[in-house]
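Here's the structure, in structure tokens; my notes come after.
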Amino acid sequence: MQRKNNNISVRRSRLQKIFSACKIDGLIFFNMSNLRYLTGFTGSDGVLFMRPGQTNLLVDGRYTSQAGLETTDVQIIEYKDKIEEIVGAIKKFKLKRIGLEADSITLEMYSKLTSRVPREMFVDLTDELRLIRACKDEGEIKLMKKAAEISSSAMASLINQIEPGSTEKALAWRLEINAREYGADGLAFETIVAAGENSCLPHARPTERKIKKGDFIVIDFGVKYQGYCSDETCTIAFGKLTDRQKNAYQIVQDAHDRAIAGIKAGMSAADIDRCARSVFGRKYGRYFVHGTGHGVGLEVHEAPRLSSLSHDILKPWMVVTVEPGLYIPGLWGIRIEDTVVVKNNSCEKLTKMNKELTIIE
């Protein structure tokens, strides 16, 4: 079972200002990562029901004992029917205005709730709640450093195991085994190992394609450790590269390095994205097809976002990725990614792999 976290009560206390600011008398959370963040509960199903000064965790019979072991200062309520219990709590506490994370509730559940409770009682607080986990505490950073250490070690070991004729699938499997051996609890996302023409697909899945001379191999990998994620991408060259490939790699590396150099508290996330994107110029700009980065924590993709459309401002202890990429259809792709912690005047890398071009002869 997870060790109880003394910072959880602090996290819940920070949320209390939302009640007055948004003029609500109740908050309901469905996102399981938020449940874990605000209570310590690690189960896979439940509902968090908060009122000023009181926190109720609604779970079914599978999780009653587990919830009691993992949480502190939380009233555990066991339900047989989730909707029935939520509606009952709303009526019991005579709530009039209830905040919801609208992006975490299904249409089916919302329809069932509003068939029993007037829909005007519910307030969408998605924007107000999206950054509640963005700034990490010391305990979270410690776990994320360990996750990054595990995944970086697994990737470093894999590079020594790449041979001509190795398939993407075999390398992905070997990488996952390495991570387990180094202490990972699981994967943060589906492993990407993409070689040659497959590497131009940002979210490629490993195939039976064999590694060949002249390939770029994009390896995007992350693990979970005590609930927290790592995220890192390396692009490895297998055999001799063309001058065009070397130049393209240098462009991506320069974009990566400039973005990291610009990260500090107070910076606009959109400005970091523009900093990275400016390096590509007209020739390669159209091949950078995604944002520069995203937050990482209990989920591998969370707030804030580093993109041209983001309105987020970086704050101390936010954890974000920096991952510019270049993808030329039908030929090859390159992505370089590190995860960093935002500091007042700079940032600190959590991921450990050297991002200089590595060529395996």
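Key figures for this structure:
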| read-out | value |
| --- | --- |
| Residue that is farthest from Met318 (Cα to Cα), among those in the stretch 140-160 that are out of contact with any helix residue (DSSP H, G or I) (no Cβ under 7 Å at 6 or more places or on another chain) and free of Cβ contacts under 8 Å to residues at least 60 places away in the same chain | Asn160 |
| Subset of the stretch 155-181 (residues that are among the hydroxyl-bearing types (Ser, Thr, Tyr) and surrounded by fewer than 17 Cβ atoms within 10 Å (Cβ to Cβ)) | Ser157, Thr167 |
| From the options Ile251, Ile272, residue that is assigned to a helix (DSSP H, G or I), over 25 Å from Thr358 (Cβ atoms) and in contact (Cβ under 8 Å) with a residue 12 or more places away in the chain | Ile272 |
| Members of the stretch 94-122 found to be among the β-branched types (Val, Ile, Thr), under 26 Å from Pro304 (Cα atoms) and surrounded by fewer than 17 Cβ atoms within 10 Å (Cβ to Cβ), listed by number | Thr106 |
| Strands (runs of 3 or more DSSP E) wholly inside the stretch 181-248 containing at least 2 residues that are farther than 30 Å from Gly281 by Cα | 223-225 |
| Residue in the stretch 280-292 that is touching a residue at least 60 places away in the same chain (Cβ under 8 Å) and either within 24 Å of Ile251 (Cα to Cα) or surrounded by fewer than 21 Cβ atoms within 10 Å (Cβ to Cβ) (or both) present | yes |
| Residue under evaluation Arg133, criteria (1) out of contact with any Leu (no Cβ under 9 Å at 6 or more places or on another chain); (2) more than 29 Å from Thr207 (Cβ to Cβ), criterion not met | (1) |
| Qualifying residue in the stretch 296-306 (condition: modelled with pLDDT of 95 or more, under 19 Å from Gly196 (Cα atoms), touching a Phe, Trp or Tyr at 6+ places or on another chain (Cβ under 9 Å) and crowded, with 24+ Cβ neighbours inside 10 Å) | no |
| Count - residues of the stretch 133-154 that are buried (at least 18 other Cβ atoms within 10 Å of the Cβ) and part of a loop (DSSP other than H, G, I, E, B) | 3 |
| Single unsatisfied condition, Lys355 versus (1) crowded, with 19+ Cβ neighbours inside 10 Å; (2) over 22 Å from Phe238 (Cβ atoms); (3) of a type in the set (D, E, K, R) | (2) |
| Any pair with Cβ under 6 angstrom, 6 or more apart, that starts in the stretch 204-217 at a residue that is surrounded by 20 or more Cβ atoms within 10 Å (Cβ to Cβ) and ends at one that is among the polar types (S, T, N, Q) | Ala204/Asn198; Ile211/Ser166; Phe216/Ser199; Phe216/Thr235 |
| First in the stretch 161-172 and outside any loop (DSSP other than H, G, I, E, B), second anywhere and crowded, with 18+ Cβ neighbours inside 10 Å and among the hydroxyl-bearing types (Ser, Thr, Tyr), Cβ under 7 Å, 6 or more apart | Ala172/Thr191 |
| Set Ile24, Ile86: member being surrounded by 18 or more Cβ atoms within 10 Å (Cβ to Cβ), within 22 Å of Thr106 (Cβ to Cβ) and touching a Lys or Arg at 6+ places or on another chain (Cβ under 8 Å) | Ile24 |
| Residue check for Thr351: touching a Gly at 6+ places or on another chain (Cβ under 7 Å) and not aliphatic (A, V, I, L, M) | no |
| Cβ pairs under 7 Å, 6+ apart, first in the stretch 176-202 and more than 14 Å from Cys234 (Cβ to Cβ) and in the same structural domain as Phe216 (by TED's automatic domain parsing), second assigned to a loop (DSSP other than H, G, I, E, B) and hydroxyl-bearing (Ser, Thr, Tyr) | Glu176/Thr191; Ala188/Ser230; Asn198/Thr207 |
| One residue from Leu48, Leu15 being modelled with pLDDT under 95 and either in a loop (DSSP other than H, G, I, E, B) or within 23 Å of Glu302 (Cα to Cα) (or both) | Leu15 |
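Residue by residue, here is whether (1) over 18 Å from Leu131 (Cβ atoms); (2) of a type in the set (Ser, Thr, Tyr); (3) assigned by TED's automatic domain parsing to the domain that holds Ala89 holds:
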position	(1), (2), (3)
Leu15	no, no, yes
Gln54	yes, no, yes
Val59	yes, no, yes
Thr64	yes, yes, yes
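The values are calculated or read from the model by the stated rules, or taken from the named source; none is laboratory data. Predicted model, so just to flag it, every value in this text is computed and none were measured. All Cβ positions, glycine included, derive from the backbone under ideal geometry; neighbour counts span all protein chains shown.
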